[in-house]
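What follows is one structure encoded as C-alpha coordinates, with my remarks underneath.
The values are calculated or read from the model by the stated rules, or taken from the named source; none is laboratory data. No experiment lies behind these values; they were computed from the predicted model shown. Because the Cβ atoms are built from the backbone with ideal geometry, glycine has one as well, and the counts that use them run over all protein chains shown. With ligands, DNA and RNA removed, areas are computed over all heavy atoms of the protein, side chains included. Shrake-Rupley method; radii C 1.70, N 1.55, O 1.52, S 1.80 Å.
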Protein chains: 2
Amino acid sequence: MARAAKPRENKDKKARDLPTGIALLWGEQDQPARGPKPSLTPQRIAQAAVTLADAEGLETVSMNRVAAEFGVSAMALYRYVPGKTELVELMVEAVLAEPPDLSAVGSGWRARLSAWAHRQWAVYQAHPWLLAATAMRRQIMGPHQLAWMDTALAALEPTGLTPGQRHQVFLLIAGQVRSLAQQRADFDEDHNREWGRLTSELLNRHSDRFPALTKAIADGAFTSTELDPLDFGLDRILDGVQVLIDRA
Amino acid sequence: MARAAKPRENKDKKARDLPTGIALLWGEQDQPARGPKPSLTPQRIAQAAVTLADAEGLETVSMNRVAAEFGVSAMALYRYVPGKTELVELMVEAVLAEPPDLSAVGSGWRARLSAWAHRQWAVYQAHPWLLAATAMRRQIMGPHQLAWMDTALAALEPTGLTPGQRHQVFLLIAGQVRSLAQQRADFDEDHNREWGRLTSELLNRHSDRFPALTKAIADGAFTSTELDPLDFGLDRILDGVQVLIDRA
DNA sequence: CATGATTGTTTAAGACATAAACAGTTTAGA
DNA sequence: TCTAAACTGTTTATGTCTTAAACAATCATG
(Lines give C-alpha, C1' and ligand atoms only; values in the text may rest on other atoms or scores of the structure.)
Protein backbone atom coordinates (compact mmCIF):
# COMPACT_ATOMS: atom_id res chain seq x y z
CA MET A 1 0.00 0.00 0.00
CA ALA A 2 1.11 3.56 0.45
CA ARG A 3 1.54 3.85 -3.25
CA ALA A 4 0.71 7.15 -4.90
CA ALA A 5 -1.84 7.11 -7.66
CA LYS A 6 0.17 6.17 -10.68
CA PRO A 7 -1.20 6.02 -14.22
CA ARG A 8 0.01 2.51 -14.95
CA GLU A 9 -0.12 1.92 -18.66
CA ASN A 10 -2.62 -0.48 -20.08
CA LYS A 11 -1.12 -2.88 -22.54
CA ASP A 12 -4.13 -5.08 -23.15
CA LYS A 13 -5.60 -5.13 -26.59
CA LYS A 14 -8.86 -6.97 -26.26
CA ALA A 15 -9.83 -5.34 -22.96
CA ARG A 16 -10.96 -2.15 -24.60
CA ASP A 17 -9.66 1.00 -22.97
CA LEU A 18 -10.42 -0.13 -19.44
CA PRO A 19 -7.96 0.40 -16.63
CA THR A 20 -6.24 -2.88 -15.89
CA GLY A 21 -7.71 -3.20 -12.43
CA ILE A 22 -11.24 -2.81 -13.72
CA ALA A 23 -10.78 -5.19 -16.60
CA LEU A 24 -9.63 -7.66 -13.98
CA LEU A 25 -12.69 -7.07 -11.85
CA TRP A 26 -14.95 -7.68 -14.80
CA GLY A 27 -13.05 -10.67 -16.02
CA GLU A 28 -12.38 -8.97 -19.33
CA GLN A 29 -8.83 -10.02 -19.93
CA ASP A 30 -7.39 -11.89 -22.87
CA GLN A 31 -5.63 -15.09 -22.06
CA PRO A 32 -2.11 -15.29 -23.51
CA ALA A 33 -1.25 -17.36 -26.55
CA ARG A 34 2.46 -17.88 -26.19
CA GLY A 35 4.53 -18.72 -23.20
CA PRO A 36 4.20 -21.21 -20.39
CA LYS A 37 0.77 -22.03 -19.11
CA PRO A 38 -0.14 -19.85 -16.15
CA SER A 39 -0.29 -21.89 -12.99
CA LEU A 40 -2.65 -19.47 -11.28
CA THR A 41 -5.53 -17.15 -11.99
CA PRO A 42 -6.47 -13.86 -10.38
CA GLN A 43 -9.56 -15.56 -9.02
CA ARG A 44 -7.70 -18.40 -7.38
CA ILE A 45 -5.29 -15.93 -5.84
CA ALA A 46 -8.16 -13.84 -4.54
CA GLN A 47 -9.85 -16.92 -3.15
CA ALA A 48 -6.75 -17.93 -1.26
CA ALA A 49 -6.46 -14.42 0.10
CA VAL A 50 -10.07 -14.57 1.20
CA THR A 51 -9.72 -17.78 3.16
CA LEU A 52 -6.56 -16.41 4.67
CA ALA A 53 -8.31 -13.21 5.71
CA ASP A 54 -11.26 -15.15 7.05
CA ALA A 55 -8.98 -17.22 9.21
CA GLU A 56 -6.35 -14.77 10.35
CA GLY A 57 -7.52 -11.28 9.48
CA LEU A 58 -6.78 -8.88 6.71
CA GLU A 59 -3.51 -7.76 8.27
CA THR A 60 -1.94 -11.11 7.60
CA VAL A 61 -2.80 -10.95 3.92
CA SER A 62 0.53 -9.93 2.43
CA MET A 63 1.79 -10.74 -1.00
CA ASN A 64 4.34 -13.01 0.57
CA ARG A 65 1.83 -14.87 2.66
CA VAL A 66 -0.61 -15.39 -0.18
CA ALA A 67 2.13 -16.49 -2.53
CA ALA A 68 3.32 -18.98 0.06
CA GLU A 69 -0.11 -20.53 -0.06
CA PHE A 70 0.68 -21.59 -3.62
CA GLY A 71 4.31 -22.32 -3.02
CA VAL A 72 5.47 -19.53 -5.31
CA SER A 73 7.41 -16.36 -4.72
CA ALA A 74 5.66 -13.12 -3.90
CA MET A 75 6.59 -11.59 -7.21
CA ALA A 76 4.83 -14.35 -9.08
CA LEU A 77 1.52 -12.85 -8.05
CA TYR A 78 2.33 -9.68 -9.93
CA ARG A 79 1.96 -11.63 -13.16
CA TYR A 80 -1.73 -11.96 -12.35
CA VAL A 81 -2.56 -8.90 -10.32
CA PRO A 82 -1.23 -5.37 -10.80
CA GLY A 83 -0.79 -4.76 -7.09
CA LYS A 84 -2.17 -5.35 -3.68
CA THR A 85 -4.90 -2.76 -4.04
CA GLU A 86 -6.37 -4.67 -6.92
CA LEU A 87 -6.03 -7.94 -5.08
CA VAL A 88 -8.13 -6.59 -2.27
CA GLU A 89 -10.71 -5.41 -4.76
CA LEU A 90 -10.84 -8.90 -6.15
CA MET A 91 -11.28 -10.28 -2.66
CA VAL A 92 -14.28 -8.04 -2.11
CA GLU A 93 -15.75 -9.06 -5.41
CA ALA A 94 -15.17 -12.72 -4.61
CA VAL A 95 -16.95 -12.50 -1.31
CA LEU A 96 -19.95 -10.67 -2.68
CA ALA A 97 -20.54 -13.68 -4.86
CA GLU A 98 -23.96 -13.81 -6.35
CA PRO A 99 -26.45 -11.19 -5.19
CA PRO A 100 -29.45 -12.36 -3.22
CA ASP A 101 -32.56 -13.45 -5.03
CA LEU A 102 -35.35 -11.51 -3.41
CA SER A 103 -38.15 -12.75 -5.61
CA ALA A 104 -39.01 -15.41 -3.05
CA VAL A 105 -39.36 -12.85 -0.29
CA GLY A 106 -42.93 -11.75 -0.72
CA SER A 107 -43.58 -8.80 -2.91
CA GLY A 108 -43.56 -5.82 -0.58
CA TRP A 109 -40.72 -3.36 -0.89
CA ARG A 110 -40.29 -3.42 2.84
CA ALA A 111 -39.86 -7.14 3.22
CA ARG A 112 -37.48 -7.20 0.32
CA LEU A 113 -35.30 -4.39 1.53
CA SER A 114 -35.20 -5.92 4.94
CA ALA A 115 -34.15 -9.24 3.48
CA TRP A 116 -31.53 -7.49 1.40
CA ALA A 117 -30.10 -5.86 4.49
CA HIS A 118 -29.99 -9.14 6.36
CA ARG A 119 -28.14 -10.85 3.51
CA GLN A 120 -25.63 -8.05 3.36
CA TRP A 121 -25.25 -8.24 7.10
CA ALA A 122 -24.56 -11.96 6.83
CA VAL A 123 -21.73 -11.25 4.42
CA TYR A 124 -20.16 -8.81 6.84
CA GLN A 125 -20.48 -11.34 9.62
CA ALA A 126 -18.89 -14.08 7.56
CA HIS A 127 -16.01 -11.86 6.44
CA PRO A 128 -15.27 -9.23 9.07
CA TRP A 129 -12.31 -7.91 7.10
CA LEU A 130 -14.70 -6.81 4.37
CA LEU A 131 -15.24 -3.63 6.27
CA ALA A 132 -11.61 -2.64 6.32
CA ALA A 133 -11.20 -3.78 2.74
CA THR A 134 -13.92 -1.53 1.42
CA ALA A 135 -13.05 1.28 3.78
CA MET A 136 -9.67 1.88 2.31
CA ARG A 137 -10.46 2.58 -1.30
CA ARG A 138 -13.13 3.42 -3.76
CA GLN A 139 -16.44 1.66 -3.50
CA ILE A 140 -18.62 -0.13 -5.96
CA MET A 141 -17.03 -1.21 -9.17
CA GLY A 142 -17.14 -4.93 -9.68
CA PRO A 143 -20.13 -6.61 -11.23
CA HIS A 144 -21.09 -8.36 -8.02
CA GLN A 145 -21.18 -5.12 -6.11
CA LEU A 146 -23.31 -3.58 -8.80
CA ALA A 147 -25.59 -6.57 -8.77
CA TRP A 148 -26.26 -6.14 -5.05
CA MET A 149 -27.02 -2.53 -5.71
CA ASP A 150 -29.32 -3.47 -8.54
CA THR A 151 -31.44 -5.80 -6.45
CA ALA A 152 -31.88 -3.18 -3.75
CA LEU A 153 -32.88 -0.53 -6.27
CA ALA A 154 -35.27 -2.97 -7.90
CA ALA A 155 -36.94 -3.60 -4.56
CA LEU A 156 -37.52 0.12 -4.23
CA GLU A 157 -39.17 0.60 -7.59
CA PRO A 158 -42.76 -0.11 -6.47
CA THR A 159 -42.60 2.54 -3.76
CA GLY A 160 -43.59 5.44 -5.95
CA LEU A 161 -40.64 7.44 -4.72
CA THR A 162 -38.61 9.50 -7.14
CA PRO A 163 -35.43 7.95 -8.53
CA GLY A 164 -33.37 10.36 -6.46
CA GLN A 165 -35.23 9.40 -3.31
CA ARG A 166 -34.86 5.73 -4.02
CA HIS A 167 -31.15 6.17 -4.42
CA GLN A 168 -30.96 7.98 -1.09
CA VAL A 169 -32.94 5.27 0.63
CA PHE A 170 -30.60 2.70 -0.79
CA LEU A 171 -27.62 4.60 0.56
CA LEU A 172 -29.31 4.86 3.90
CA ILE A 173 -29.94 1.15 4.24
CA ALA A 174 -26.55 0.13 2.96
CA GLY A 175 -24.93 2.61 5.29
CA GLN A 176 -26.87 1.33 8.26
CA VAL A 177 -25.76 -2.24 7.68
CA ARG A 178 -22.24 -1.11 7.18
CA SER A 179 -22.00 1.09 10.21
CA LEU A 180 -23.52 -1.58 12.36
CA ALA A 181 -20.94 -4.03 11.11
CA GLN A 182 -18.36 -1.46 12.02
CA GLN A 183 -19.64 -1.18 15.55
CA ARG A 184 -19.66 -4.94 15.84
CA ALA A 185 -16.16 -5.30 14.51
CA ASP A 186 -14.86 -2.96 17.15
CA PHE A 187 -16.60 -4.75 19.96
CA ASP A 188 -16.16 -8.45 20.19
CA GLU A 189 -17.39 -10.05 23.38
CA ASP A 190 -14.20 -9.88 25.39
CA HIS A 191 -13.33 -6.45 24.24
CA ASN A 192 -16.82 -5.27 25.07
CA ARG A 193 -16.55 -6.51 28.62
CA GLU A 194 -13.16 -4.93 29.05
CA TRP A 195 -14.43 -1.70 27.59
CA GLY A 196 -17.35 -1.68 29.98
CA ARG A 197 -15.05 -2.26 32.93
CA LEU A 198 -12.66 0.52 32.01
CA THR A 199 -15.37 2.94 31.05
CA SER A 200 -17.32 2.54 34.26
CA GLU A 201 -14.07 2.90 36.16
CA LEU A 202 -13.42 6.17 34.35
CA LEU A 203 -17.00 7.30 34.66
CA ASN A 204 -16.83 6.78 38.38
CA ARG A 205 -14.06 9.32 38.50
CA HIS A 206 -15.79 11.76 36.17
CA SER A 207 -19.47 11.01 36.49
CA ASP A 208 -20.25 14.70 36.80
CA ARG A 209 -18.89 15.30 33.33
CA PHE A 210 -21.09 12.67 31.68
CA PRO A 211 -24.43 12.61 33.45
CA ALA A 212 -26.53 11.18 30.65
CA LEU A 213 -23.98 8.54 29.81
CA THR A 214 -23.53 7.54 33.42
CA LYS A 215 -27.26 7.21 33.82
CA ALA A 216 -27.60 5.23 30.61
CA ILE A 217 -25.01 2.73 31.73
CA ALA A 218 -26.59 2.45 35.15
CA ASP A 219 -29.89 1.74 33.44
CA GLY A 220 -28.29 -1.05 31.51
CA ALA A 221 -28.75 0.61 28.16
CA PHE A 222 -25.50 -0.89 26.95
CA THR A 223 -25.99 -4.40 28.16
CA SER A 224 -29.58 -5.02 27.21
CA THR A 225 -29.86 -7.76 24.65
CA GLU A 226 -33.57 -7.60 24.03
CA LEU A 227 -33.16 -5.35 21.02
CA ASP A 228 -31.50 -6.67 17.92
CA PRO A 229 -29.50 -3.69 16.63
CA LEU A 230 -29.92 -4.54 12.97
CA ASP A 231 -33.67 -4.98 13.13
CA PHE A 232 -34.13 -2.01 15.39
CA GLY A 233 -32.30 0.29 13.02
CA LEU A 234 -33.98 -1.16 9.97
CA ASP A 235 -37.43 -0.81 11.50
CA ARG A 236 -36.83 2.85 12.28
CA ILE A 237 -35.49 3.62 8.83
CA LEU A 238 -38.20 1.71 7.03
CA ASP A 239 -40.86 3.31 9.17
CA GLY A 240 -39.40 6.64 8.18
CA VAL A 241 -39.45 5.71 4.53
CA GLN A 242 -43.06 4.63 4.90
CA VAL A 243 -43.89 8.05 6.28
CA LEU A 244 -42.31 9.61 3.23
CA ILE A 245 -44.29 7.37 0.92
CA ASP A 246 -47.55 8.10 2.67
CA ARG A 247 -46.93 11.79 2.43
CA ALA A 248 -46.55 11.76 -1.33
CA MET B 1 1.00 -0.60 12.65
CA ALA B 2 0.83 -4.33 12.06
CA ARG B 3 1.84 -4.86 15.65
CA ALA B 4 0.42 -7.83 17.46
CA ALA B 5 -1.43 -7.13 20.69
CA LYS B 6 1.32 -7.03 23.25
CA PRO B 7 0.76 -6.54 26.96
CA ARG B 8 3.15 -3.64 27.38
CA GLU B 9 3.92 -3.15 31.04
CA ASN B 10 2.63 -0.12 32.87
CA LYS B 11 5.31 1.56 34.90
CA ASP B 12 3.38 4.66 35.98
CA LYS B 13 2.74 5.10 39.64
CA LYS B 14 0.26 7.93 39.91
CA ALA B 15 -1.83 6.87 36.92
CA ARG B 16 -3.71 4.23 38.83
CA ASP B 17 -3.89 0.87 37.10
CA LEU B 18 -4.86 2.26 33.73
CA PRO B 19 -3.30 1.03 30.51
CA THR B 20 -0.77 3.59 29.37
CA GLY B 21 -2.65 4.49 26.24
CA ILE B 22 -5.81 5.24 28.15
CA ALA B 23 -4.09 7.22 30.84
CA LEU B 24 -2.68 9.27 28.00
CA LEU B 25 -6.10 9.80 26.49
CA TRP B 26 -7.44 11.03 29.79
CA GLY B 27 -4.48 13.20 30.55
CA GLU B 28 -3.77 11.25 33.70
CA GLN B 29 -0.03 11.06 33.60
CA ASP B 30 2.49 12.19 36.15
CA GLN B 31 5.06 14.65 34.95
CA PRO B 32 8.62 13.65 35.69
CA ALA B 33 10.67 15.28 38.45
CA ARG B 34 14.24 14.61 37.41
CA GLY B 35 15.89 14.73 34.06
CA PRO B 36 15.85 17.21 31.23
CA LYS B 37 12.72 19.16 30.64
CA PRO B 38 10.57 17.53 28.01
CA SER B 39 10.48 19.62 24.88
CA LEU B 40 7.17 18.20 23.72
CA THR B 41 3.90 16.93 25.03
CA PRO B 42 1.64 14.19 23.71
CA GLN B 43 -0.89 16.87 22.89
CA ARG B 44 1.47 19.01 20.87
CA ILE B 45 2.58 15.93 18.97
CA ALA B 46 -1.00 14.95 18.28
CA GLN B 47 -1.79 18.46 17.17
CA ALA B 48 1.08 18.47 14.71
CA ALA B 49 -0.06 15.13 13.40
CA VAL B 50 -3.57 16.50 12.99
CA THR B 51 -2.52 19.51 10.94
CA LEU B 52 -0.33 17.21 8.89
CA ALA B 53 -3.20 14.82 8.26
CA ASP B 54 -5.53 17.69 7.44
CA ALA B 55 -3.11 18.98 4.86
CA GLU B 56 -1.70 15.84 3.30
CA GLY B 57 -3.81 12.91 4.44
CA LEU B 58 -3.43 10.28 7.10
CA GLU B 59 -1.05 8.21 4.99
CA THR B 60 1.64 10.83 5.26
CA VAL B 61 1.46 10.81 9.04
CA SER B 62 4.45 8.69 9.89
CA MET B 63 6.51 8.90 13.03
CA ASN B 64 9.35 10.26 10.96
CA ARG B 65 7.26 12.91 9.32
CA VAL B 66 5.69 14.11 12.55
CA ALA B 67 9.03 14.15 14.33
CA ALA B 68 10.48 16.20 11.51
CA GLU B 69 7.84 18.81 12.23
CA PHE B 70 9.58 19.39 15.55
CA GLY B 71 13.07 18.90 14.25
CA VAL B 72 13.64 15.81 16.34
CA SER B 73 14.25 12.20 15.46
CA ALA B 74 11.42 9.75 15.07
CA MET B 75 12.39 7.87 18.19
CA ALA B 76 12.01 10.97 20.31
CA LEU B 77 8.27 10.69 19.95
CA TYR B 78 8.30 7.35 21.73
CA ARG B 79 9.20 9.19 24.92
CA TYR B 80 5.75 10.75 24.81
CA VAL B 81 3.60 8.22 23.06
CA PRO B 82 3.74 4.43 23.38
CA GLY B 83 3.25 3.86 19.68
CA LYS B 84 1.56 4.99 16.57
CA THR B 85 -1.77 3.44 17.48
CA GLU B 86 -1.98 5.62 20.54
CA LEU B 87 -0.91 8.66 18.57
CA VAL B 88 -3.81 8.18 16.23
CA GLU B 89 -6.14 7.84 19.20
CA LEU B 90 -4.83 11.13 20.49
CA MET B 91 -5.41 12.70 17.10
CA VAL B 92 -9.04 11.62 17.18
CA GLU B 93 -9.44 12.92 20.67
CA ALA B 94 -7.84 16.21 19.69
CA VAL B 95 -10.15 16.73 16.78
CA LEU B 96 -13.28 15.95 18.73
CA ALA B 97 -12.42 18.91 20.89
CA GLU B 98 -15.27 20.12 22.99
CA PRO B 99 -18.63 18.55 22.36
CA PRO B 100 -21.37 20.72 20.95
CA ASP B 101 -23.55 22.73 23.29
CA LEU B 102 -27.07 21.90 22.25
CA SER B 103 -28.85 23.93 24.89
CA ALA B 104 -29.21 26.80 22.46
CA VAL B 105 -30.90 24.59 19.90
CA GLY B 106 -34.50 24.75 21.02
CA SER B 107 -35.70 22.10 23.38
CA GLY B 108 -37.09 19.37 21.17
CA TRP B 109 -35.23 16.09 21.02
CA ARG B 110 -35.52 16.14 17.28
CA ALA B 111 -33.94 19.52 16.71
CA ARG B 112 -31.18 18.67 19.12
CA LEU B 113 -30.34 15.32 17.60
CA SER B 114 -30.36 16.87 14.18
CA ALA B 115 -28.00 19.59 15.33
CA TRP B 116 -25.78 17.00 16.93
CA ALA B 117 -25.58 15.08 13.68
CA HIS B 118 -24.71 18.21 11.75
CA ARG B 119 -21.92 19.09 14.13
CA GLN B 120 -20.51 15.63 13.90
CA TRP B 121 -20.77 15.81 10.16
CA ALA B 122 -18.84 19.05 10.18
CA VAL B 123 -16.03 17.37 12.05
CA TYR B 124 -15.82 14.64 9.44
CA GLN B 125 -15.78 17.25 6.72
CA ALA B 126 -13.02 19.22 8.37
CA HIS B 127 -10.90 16.12 8.98
CA PRO B 128 -11.57 13.51 6.34
CA TRP B 129 -8.91 11.22 7.76
CA LEU B 130 -11.00 10.85 10.92
CA LEU B 131 -12.90 8.10 9.23
CA ALA B 132 -9.87 5.97 8.54
CA ALA B 133 -8.48 6.78 11.94
CA THR B 134 -11.51 5.51 13.79
CA ALA B 135 -12.10 2.66 11.39
CA MET B 136 -8.91 0.90 12.22
CA ARG B 137 -9.22 0.33 15.92
CA ARG B 138 -11.51 0.39 18.90
CA GLN B 139 -13.99 3.19 19.21
CA ILE B 140 -14.95 5.49 21.99
CA MET B 141 -12.54 5.85 24.80
CA GLY B 142 -11.30 9.38 25.23
CA PRO B 143 -13.23 11.90 27.27
CA HIS B 144 -14.11 13.97 24.24
CA GLN B 145 -15.64 11.03 22.46
CA LEU B 146 -17.63 10.19 25.55
CA ALA B 147 -18.74 13.79 25.85
CA TRP B 148 -20.17 13.73 22.34
CA MET B 149 -21.97 10.57 23.22
CA ASP B 150 -23.25 12.13 26.40
CA THR B 151 -24.82 15.11 24.67
CA ALA B 152 -26.60 12.87 22.19
CA LEU B 153 -27.95 10.63 24.93
CA ALA B 154 -29.04 13.66 26.90
CA ALA B 155 -30.98 14.93 23.91
CA LEU B 156 -32.83 11.63 23.81
CA GLU B 157 -33.90 11.61 27.44
CA PRO B 158 -37.18 13.53 26.97
CA THR B 159 -38.42 11.08 24.36
CA GLY B 160 -39.90 8.60 26.77
CA LEU B 161 -38.06 5.77 25.08
CA THR B 162 -36.43 3.07 27.16
CA PRO B 163 -32.71 3.41 27.86
CA GLY B 164 -31.99 0.54 25.51
CA GLN B 165 -33.98 2.16 22.75
CA ARG B 166 -32.26 5.49 23.27
CA HIS B 167 -28.93 3.79 22.98
CA GLN B 168 -29.97 2.15 19.75
CA VAL B 169 -31.21 5.43 18.34
CA PHE B 170 -27.91 7.01 19.21
CA LEU B 171 -26.04 4.26 17.40
CA LEU B 172 -28.33 4.71 14.44
CA ILE B 173 -27.72 8.43 14.12
CA ALA B 174 -24.01 8.20 14.71
CA GLY B 175 -23.78 5.41 12.20
CA GLN B 176 -25.68 7.36 9.60
CA VAL B 177 -23.35 10.34 9.84
CA ARG B 178 -20.39 8.08 9.71
CA SER B 179 -21.48 6.03 6.76
CA LEU B 180 -22.37 9.14 4.86
CA ALA B 181 -18.94 10.55 5.53
CA GLN B 182 -17.58 7.28 4.22
CA GLN B 183 -19.51 7.57 1.00
CA ARG B 184 -18.33 11.12 0.61
CA ALA B 185 -14.72 10.28 1.26
CA ASP B 186 -14.77 7.73 -1.51
CA PHE B 187 -16.31 10.07 -4.01
CA ASP B 188 -14.75 13.42 -4.49
CA GLU B 189 -15.99 15.42 -7.44
CA ASP B 190 -13.46 14.27 -10.01
CA HIS B 191 -13.58 10.70 -8.94
CA ASN B 192 -17.33 10.75 -9.04
CA ARG B 193 -17.35 11.93 -12.61
CA GLU B 194 -14.80 9.32 -13.62
CA TRP B 195 -16.80 6.65 -11.83
CA GLY B 196 -19.94 7.67 -13.64
CA ARG B 197 -18.17 7.53 -16.98
CA LEU B 198 -16.71 4.08 -16.42
CA THR B 199 -19.84 2.69 -14.89
CA SER B 200 -22.09 3.79 -17.68
CA GLU B 201 -19.57 2.40 -20.13
CA LEU B 202 -19.73 -0.93 -18.36
CA LEU B 203 -23.46 -0.79 -17.96
CA ASN B 204 -23.81 -0.26 -21.67
CA ARG B 205 -22.14 -3.58 -22.21
CA HIS B 206 -24.12 -5.36 -19.52
CA SER B 207 -27.32 -3.41 -19.20
CA ASP B 208 -29.34 -6.60 -19.18
CA ARG B 209 -27.64 -7.73 -16.01
CA PHE B 210 -28.47 -4.56 -14.08
CA PRO B 211 -31.85 -3.33 -15.23
CA ALA B 212 -32.80 -1.36 -12.13
CA LEU B 213 -29.42 0.25 -11.88
CA THR B 214 -29.34 1.14 -15.54
CA LYS B 215 -32.75 2.71 -15.25
CA ALA B 216 -31.81 4.60 -12.11
CA ILE B 217 -28.80 6.12 -13.78
CA ALA B 218 -30.80 7.01 -16.86
CA ASP B 219 -33.30 8.73 -14.58
CA GLY B 220 -30.51 10.79 -13.09
CA ALA B 221 -30.88 9.26 -9.64
CA PHE B 222 -27.17 9.57 -9.10
CA THR B 223 -26.67 13.07 -10.32
CA SER B 224 -29.61 14.84 -8.73
CA THR B 225 -28.46 17.44 -6.27
CA GLU B 226 -31.82 18.52 -4.95
CA LEU B 227 -31.61 16.16 -1.99
CA ASP B 228 -29.07 16.74 0.72
CA PRO B 229 -27.98 13.24 1.70
CA LEU B 230 -27.41 14.06 5.34
CA ASP B 231 -30.75 15.74 5.86
CA PHE B 232 -32.60 13.17 3.83
CA GLY B 233 -31.23 10.32 5.90
CA LEU B 234 -31.75 12.14 9.16
CA ASP B 235 -35.33 13.01 8.31
CA ARG B 236 -36.15 9.39 7.54
CA ILE B 237 -34.53 8.11 10.70
CA LEU B 238 -36.05 10.75 12.92
CA ASP B 239 -39.46 10.21 11.37
CA GLY B 240 -39.05 6.55 12.16
CA VAL B 241 -38.10 7.32 15.74
CA GLN B 242 -41.14 9.55 16.00
CA VAL B 243 -43.31 6.66 14.91
CA LEU B 244 -41.82 4.56 17.66
CA ILE B 245 -42.47 7.26 20.24
CA ASP B 246 -46.05 7.73 19.14
CA ARG B 247 -46.66 4.03 19.38
CA ALA B 248 -45.63 3.82 23.01
C1' DC C 1 28.03 17.25 44.08
C1' DA C 2 26.97 12.87 42.71
C1' DT C 3 23.19 9.74 41.73
C1' DG C 4 19.69 8.25 39.08
C1' DA C 5 15.70 9.44 36.36
C1' DT C 6 14.66 11.21 32.01
C1' DT C 7 15.43 13.02 27.29
C1' DG C 8 16.99 12.60 22.68
C1' DT C 9 20.19 10.20 19.32
C1' DT C 10 22.10 6.59 16.46
C1' DT C 11 21.88 2.13 14.91
C1' DA C 12 19.57 -1.63 13.46
C1' DA C 13 16.15 -5.25 12.86
C1' DG C 14 12.26 -7.05 10.59
C1' DA C 15 8.05 -6.47 7.68
C1' DC C 16 6.19 -4.78 3.68
C1' DA C 17 5.21 -3.53 -1.55
C1' DT C 18 7.22 -3.65 -5.63
C1' DA C 19 10.89 -2.42 -9.38
C1' DA C 20 14.48 -4.62 -12.43
C1' DA C 21 16.99 -8.04 -14.49
C1' DC C 22 17.16 -12.66 -15.69
C1' DA C 23 16.39 -17.70 -16.88
C1' DG C 24 13.37 -21.04 -18.44
C1' DT C 25 9.02 -22.36 -21.36
C1' DT C 26 5.81 -22.46 -25.02
C1' DT C 27 3.91 -21.37 -29.41
C1' DA C 28 3.37 -18.70 -33.90
C1' DG C 29 5.26 -17.98 -37.94
C1' DA C 30 9.61 -18.37 -40.97
C1' DT D 1 11.77 -27.61 -38.09
C1' DC D 2 13.76 -23.71 -36.19
C1' DT D 3 13.74 -19.20 -34.22
C1' DA D 4 12.05 -15.22 -32.11
C1' DA D 5 8.49 -13.27 -29.42
C1' DA D 6 5.58 -13.68 -25.54
C1' DC D 7 5.04 -15.21 -21.29
C1' DT D 8 6.04 -17.27 -16.41
C1' DG D 9 8.46 -17.42 -12.21
C1' DT D 10 12.81 -16.32 -9.57
C1' DT D 11 16.34 -13.67 -7.34
C1' DT D 12 17.97 -9.47 -5.95
C1' DA D 13 17.40 -4.96 -4.39
C1' DT D 14 15.27 -0.44 -2.95
C1' DG D 15 12.63 2.42 -0.19
C1' DT D 16 9.34 2.85 3.43
C1' DC D 17 7.54 1.84 7.72
C1' DT D 18 7.40 0.81 13.11
C1' DT D 19 9.97 0.14 16.88
C1' DA D 20 13.65 -2.32 19.91
C1' DA D 21 18.32 -1.45 22.07
C1' DA D 22 22.23 0.84 23.51
C1' DC D 23 24.14 5.14 24.52
C1' DA D 24 25.13 10.17 25.59
C1' DA D 25 23.61 14.32 27.49
C1' DT D 26 20.85 16.79 31.13
C1' DC D 27 18.97 18.19 35.42
C1' DA D 28 16.53 17.99 40.22
C1' DT D 29 17.24 16.04 44.63
C1' DG D 30 19.52 13.60 48.25
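Classify the range A:20-96 from the C-alpha gyration tensor, please: rounded if a/c falls under 1.5, else prolate or oblate depending on whether a/b exceeds b/c.
Verdict is oblate for the range A:20-96.
Roughly to the nearest percent, how much of the accessible area of the protein assembly as shown is carbon and sulfur, given a 1.4 Å probe?
The nonpolar share, carbon plus sulfur, comes to 52 percent.
If I take every Cα pair under 8 Å that is 6 or more residues apart in chain A, average their sequence separation and divide by the length, what percent do I get for the relative contact order?
In percent, rounded to a whole number, it is 17.
For residue A:43 and residue A:118 in the same chain, what is the full-extension length gain: residue separation times 0.36 nm, less their Cα-Cα distance, in nm?
Taking residue A:43 through residue A:118 to full extension adds about 24.4 nm, to one decimal.
Is the C-alpha gyration tensor of chain B telling us rounded, prolate or oblate? Criteria: a/c under 1.5 is rounded; beyond that, a/b larger than b/c is prolate, otherwise oblate. Before the final figure, lay out each step's value.
Working: a/c = 2.61, a/b = 1.42, b/c = 1.84.
The shape class here is oblate.
Within a 10 angstrom radius of each residue's Cβ in A:158-165, how many Cβ atoms of other chains show up on average? Whole number is fine.
4
How much solvent-accessible surface does residue B:60 expose, in Å² to the nearest 10, with a 1.4 Å probe and all protein chains in place?
Estimated to the nearest 10 Å², residue B:60 gives 40 Å².
Please list, in order along the range B:62-74, the HN-Hα scalar couplings obtained from phi with the Karplus expression 6.51 cos²θ - 1.76 cosθ + 1.60 (θ = phi - 60°), rounded to whole Hz, x for Gly and Pro.
With coefficients 6.51, -1.76 and 1.60, one gets 10, 4, 4, 5, 5, 4, 4, 4, 9, x, 10, 7, 4 Hz.
If you take the square roots of the eigenvalues of the alpha-carbon gyration tensor of the range A:100-245 and sort them as a ≥ b ≥ c, do you get rounded (a/c under 1.5), prolate (a/b over b/c) or oblate?
Note, shape of the range A:100-245 comes out prolate.
Quick one: what are the phi-derived ³J(HN,Hα) couplings along the range B:86-99, Karplus 6.51/-1.76/1.60 with θ = phi - 60°, whole Hz, x for glycine and proline?
These are the phi-based 3J(HN,Hα) values: 5, 4, 4, 4, 5, 4, 4, 4, 5, 7, 6, 6, 7, x Hz.
Taking Cα centroids, how far is the range A:57-132 from the range B:177-248 in Å?
If we compute the Cα centre of each part, the gap is 22 Å.
Leaving out ligands, DNA and RNA, calculate the buried accessible area for the pair B and A with a 1.4 Å probe, summed over both sides, in Å² to the nearest 100.
Approximately 6000 Å² gets buried when B meets A.
Once the convex hull of the alpha carbons of the protein assembly as shown is built, what does its volume come to per residue, in cubic angstrom?
In the protein assembly as shown, the Cα hull volume divided by residue count equals 175 Å³.
Helix B:42-56 against the longest principal axis of chain B: what's the angle in degrees, Cα atoms only, rounded to the nearest 10?
The helix B:42-56 is inclined about 40 degrees to chain B.
List the relative contact order of the range A:109-247 as a percent without decimals, with contacts defined as Cα pairs under 8 Å and 6+ residues apart.
Working: 51 pairs, mean separation 46.5, N = 139.
Over the range A:109-247, the number comes to 33 percent.
How high is the relative contact order of the range A:20-96, in percent, with contacts defined as C-alpha pairs under 8 Å that are six or more residues apart?
38 percent
Looking at chain B, how many pairs of lysines come closer than 27 Å at the Cα, when each pair is eight or more places apart or spans two chains?
9
What number, rounded to the nearest 500 deg cm²/dmol, is the helix-based mean residue ellipticity at 222 nm of chain B, given -39500 (n - 2.57) per DSSP H run of at least four residues and division by all its residues? Numbers along the way, then the final one.
Details: 11 runs with 150 residues, N = 248.
Helices in chain B give a 222 nm mean residue ellipticity of -19500 deg cm²/dmol.
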